[in-house]
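What follows is a set of notes on a single structure, which appears directly below.
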Amino acid sequence: MENADVFLGLQDFLDRMRQPTASDFVKSIKSFIVSFSNNAPDPERDSAAVQAFFANMEAAFRAHPLWAGCSEEELDSAGEGLEKYVMTKLFTRVFASLPDDVKHDEQLSEKMALVQQFVQPENLDIKPTFQNETSWLFYRALCSMPW
């Protein structure tokens with residue numbers, strides 16, 4: 001799906017959520033976001049909770065008059081709109097790094113920095129036309145970013 005389609009899907013989802021008949025959906029979404037945010041992070045449990053919530057909400061969309069007569073594509077778009085909205089609200093909680101992950105990321109970054117001291121483009125079978133300083137600096141910058 002293209003970015004414009006994703007935006008339109010989100011916009012359509014938000015427009016429908018503004019309808020008075022969507023008040024139960026809005027309450028459910030807000031309740032899920034609050035309860036999810038108040039729990040301690042647990043990647044396995046979090047993933048299962050989010051997926052179950054999306055599945056339940058998408059099933060509820062199908063049965064609701066706001067989406068009556070919608071095509072499968074429009075229903076998928078509503079699900080994507082829901083996902084984009086919820087994940088935007090939960091971003092810092094969902095993608096927060098656990099202390100062990102931070103430690104492993106730092107160790108990996110240190111090792112990559114060591115490798116970058118002696119690995120050159122020709123060692124990677126990069127064609128001479130692509131062996132320019134700008135590309136190499138960009139590559140090194142990407143490798144040193146704390147993902």
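Remarks
- Selection of first residues in the range 90-114 that are within 30 Å of residue 29 (Cα to Cα) and among the β-branched types (Val, Ile, Thr) and of second residues that are surrounded by 11 or more Cβ atoms within 10 Å (Cβ to Cβ) and modelled with pLDDT of 85 or more, restricted to Cβ pairs under 7 Å at least 6 apart or on distinct chains, gives the following pairs, ordered by first then second residue: 94/46; 94/87.
- Residue count for the range 31-46, restricted to those that are part of a loop (DSSP other than H, G, I, E, B) and modelled with pLDDT of 95 or more: 0
- Counted residues, the range 93-117 - those being within 30 Å of residue 34 (Cβ to Cβ) and either charged (D, E, K, R) or not in a helix (DSSP H, G or I) (or both): 8
The rows are residues; the columns are (1) surrounded by 10 or more Cβ atoms within 10 Å (Cβ to Cβ); (2) at pLDDT below 75; (3) within 30 Å of residue 18 (Cα to Cα).
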position	(1), (2), (3)
90	yes, no, yes
93	yes, no, yes
98	yes, yes, no
105	yes, no, no
131	yes, yes, no
138	yes, yes, no
143	yes, yes, no
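- Residues being surrounded by 14 or more Cβ atoms within 10 Å (Cβ to Cβ) and outside any helix (DSSP H, G or I) - total across the range 54-87: 2
- Among residues of the range 8-30 being surrounded by 13 or more Cβ atoms within 10 Å (Cβ to Cβ) and within 17 Å of residue 73 (Cβ to Cβ), the one that is modelled with the highest pLDDT is 16.
The values are calculated or read from the model by the stated rules, or taken from the named source; none is laboratory data. It should be emphasised that the depicted structure is a prediction, and the values quoted were computed from it without experimental measurement. Note that each Cβ is placed from the backbone with ideal geometry, even for glycine, and that neighbours are counted across all protein chains shown.
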